Amino acid sequence: MLPFVSTRNASAKQSDFIHAILYPQAPDNGLWTLQHLPHIDWSAYLDLGYDELCKAVFENLHIMPPQSLANSHTNSYANANTFADALTHALKLYKRFDDPTNPAPLHKLGNAYFLELYHGPTRAFKDMALSPFGAIFASVAKDQNKQFLILTATSGDTGPATLESFANQPNIKVVCLYPKGGTSEVQALQMITNPAQNIKVFGIDGNFDDAQSALKNLLNDKEFLQNLDSHNFSLSVANSVNFGRIAFQIVYHIWGYLQLVKNGSIKYGEKIYSVIPSGNFGNALGAFFAKKTGLPIEKIIIASNKNNILTEFIQSGIYDISTRTLQKTLSPAMDILKSSNVERILFALFGDVRTKELLNSLQQQSKYVLTKDELALLQQDFLAWWCDDCRTQSIIKSTFAKGYIIDPHTAIAYGAYQELCANSNNPKALIASTAEWSKFAPSVAESISDKKLNDTQAIAKMCENGAKISPAIMALFDKPIIHKQVIHSSEIKHEILRWIQSDKK
């Protein structure tokens, strides 16, 4: 039995991990997802380092077969040993993090424990998954002697991490789409200054949802796929619609909990809350899978900005974007209305038939509604809260007064904890801290000083206040701009094909 099925047709052809990451479009336009979530006693893995925990997660979820099956003729992986070697190599990329032995450290404020996921090359949580994912993908592509065009749409952090991971990889070309003016300046610079020859970055006249919709349409565009095939390219994506991203995002939720046990903050089995600032729901999905396999999580709290479609959905069971317009906020990575990974939650809770029905309704009517019983089932795992920019700034300022600097996305998560947990029985919680403050320096500096500053001024101001910053961030402002092209979403297909064709000449 292969571990992956389509969210919209579980009885169709199944997939192993390699196929799922190379070809992320599942039958009936669904997403590949785990068809079975086994119950696991995670206390057995308390003494493992991060890389070994990752392997244990992959084995327990049958993403990677146990070594005892590596040479079995019944094993679905034709090259199991090759994959195991590729994973081992990929996990060595955590050596590029601030502390290779602990790529996701904790910071304590009362009973809130911030799981700092931003100590990688691009200073955002996407590095935790994309660093090893990119290496595995490139290794498999090379092993199979295939060329791939990787598409990614970004609201700010996926793009830089994807480009960093795939830069100069053989057999790979990458196209990155970002909403022009819809990211922070640092995020934009991380993309448009990247000099790798195998990447192309386009600014989009529109928002993230426009970019993501264009990407999904290309996955099903027969003419586009035929054109790519004529140039010997297959198409894949690096967004969290690709389960390769999700697989690695499960690990750090387990790591964070086990670190709390190891440092004596909790005893194994004690339930905590997991608080996650959410846009496309991949980070929350990782926590959901960890919970469903037995990690002692009481509830997953989804924190949103004023694009609060997820909060509305979890509180009411109504997912309605028919009258919504995307709004720009101080937390741009969460400026999303079409949240892709909710689909995998729907499948896990309600099955493929209902998932297809709900998603068809979203496509046709820009809306779907859960039944009363379905909403109750959803709320067994999730709570939700949202706040506006003013409240976000207030949280940043008050947290700075406690001696800790957080970015706007993490601030919203901390606000959700304070609102839903700290004012009641003050339970313990893991808060997903998703980005270093430097990626949103003007917003952080203004929250603290009430002065509007540009990025360089804001970084200087924060450093005067004792903040530390990665040298890689400072170096961005002296790099030449390489990718200057801004296009309309309707031009994406044409411009991608033109780049592929010109590069072949």
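The values are calculated or read from the model by the stated rules, or taken from the named source; none is laboratory data. Worth saying up front: this structure is predicted, and the values here are computed from it rather than measured. Backbone-built Cβ (ideal geometry, glycine too); neighbour counts: all protein chains shown. Side chains are part of the model used for accessible areas, which takes the heavy atoms of the whole protein and leaves out ligands, DNA and RNA. Shrake-Rupley method; radii C 1.70, N 1.55, O 1.52, S 1.80 Å.
Measuring nothing but how far apart in sequence close Cα pairs (under 8 Å, 6+ apart) lie, relative to its length, the range 152-243 scores a relative contact order of 32 percent.
Between Gln501 and Asp388, what FRET efficiency follows from the Cβ-Cβ distance if R0 is 60 Å, with the result rounded to 0.05?
Details: r = 46 Å, r/R0 = 0.77.
The formula returns an efficiency of 0.85 here.
Computed from the C-beta positions of Gln365 and Gln327 and an R0 of 30 Å, the FRET efficiency is 0.85 to the nearest 0.05.
Here the range 136-248 exposes an accessible surface that is 39 percent carbon and sulfur, computed with a 1.4 Å probe and the other protein chains kept in place.
Go through the range 437-487 and name the trypsin sites (Lys or Arg not before Pro) that are in a DSSP coil and have 13 or fewer other Cβ atoms within 10 Å of their Cβ.
Working: sites: Lys439, Lys451, Lys452, Lys461, Lys468, Lys484; in loops: Lys451, Lys452, Lys468, Lys484.
In loop regions of the range 437-487 (DSSP not H, G, I, E or B), the sparsely surrounded trypsin sites (Lys or Arg not before Pro) are Lys451, Lys452, Lys468, Lys484.
Of the residues Val57, Ile18, Gln169, the one whose Cα sits farthest towards the positive end of the charge dipole of the chain is Gln169 (charges of +1 on Lys and Arg Cβ, -1 on Asp and Glu Cβ, taken about the Cα centre).
Could you tell me what a quarter of the Cα convex hull surface of the range 14-63 works out to, in nm² with one decimal place? Don't jump to the answer; show the numbers that get you there.
Details: hull surface 16.4 nm².
For the Cα atoms of the range 14-63, the hull's average projected area reads 4.1 nm².
Loop-located GluC sites (Glu not before Pro) in the range 227-329 (DSSP state not H, G, I, E or B) with no more than 14 neighbouring Cβ atoms inside 10 Å: Glu270. With the cut-off at under 18 Å, measuring from each backbone N in the range 243-263 to a point 7 Å along the Cα-to-Cβ line of Glu59 picks out 248, 251-252, 254-255. Between Val486 and Gln457, the distance separating the two model label sites (each 7 Å from Cα on the Cα→Cβ line) works out to 2.1 nm. So if I average 1/r over every pair of distinct C-alpha atoms in the range 317-442 and take the inverse, what Kirkwood radius in Å does that give? The answer is 16.7 Å. Placing unit charges on the Cβ atoms only, positive for Lys and Arg and negative for Asp and Glu, gives the chain a dipole magnitude near 280 debye about its Cα centre. When DSSP beta bridges are restricted to pairs lying wholly in the chain, around 25% turn out antiparallel.
The share of Cα pairs per 5 Å bin across the range 210-369, counted from zero up to the longest distance, runs 2, 8, 14, 18, 18, 15, 11, 7, 4, 2, 1, 0 percent. Per-residue extension of 0.36 nm, minus the Cα-Cα distance of Ser316 and Asn263, leaves a gain of 15.3 nm for this segment.
Where in the range 116-153 is the amide nitrogen less than 15 Å from a point lying 7 Å along the Cα-to-Cβ axis of Ser230? So the set is empty, nothing qualifies.
When the helix-only estimate is applied to the chain (DSSP H runs of n ≥ 4, each -39,500 (n - 2.57), divided by the residue count), what is the mean residue ellipticity at 222 nm, nearest 500 deg cm²/dmol? My calculation for the chain gives -13000 deg cm²/dmol from helical runs alone. Averaged per residue, the chain has 38 square angstrom of accessible surface, using a 1.4 angstrom probe with ligands and nucleic acids left out.
If I compute solvent accessible area with a 1.4 Å probe over the protein chains, what percent of it on the range 339-448 is carbon and sulfur?
Roughly 48 percent, rounded to a whole number.
Taking all Cα pairs closer than 8 Å and separated by 6 or more residues, the relative contact order of the chain comes to 17 percent.
May I ask you to rank Asp41, Asp16 by accessible area, largest first, using a 1.4 Å probe over the protein chains only?
Details: Asp41 85, Asp16 25 Å².
Descending order: Asp41, Asp16.
Pair-distance distribution of the range 137-295: all C-alpha pairs, bin width 5 Å, starting at 0; shares per bin in whole percent are 2, 8, 15, 17, 17, 14, 11, 8, 5, 2, 1, 0. Computed from the C-beta positions of Ala167 and Asn81, the FRET efficiency with R₀ = 30 Å rounds to 0.65.
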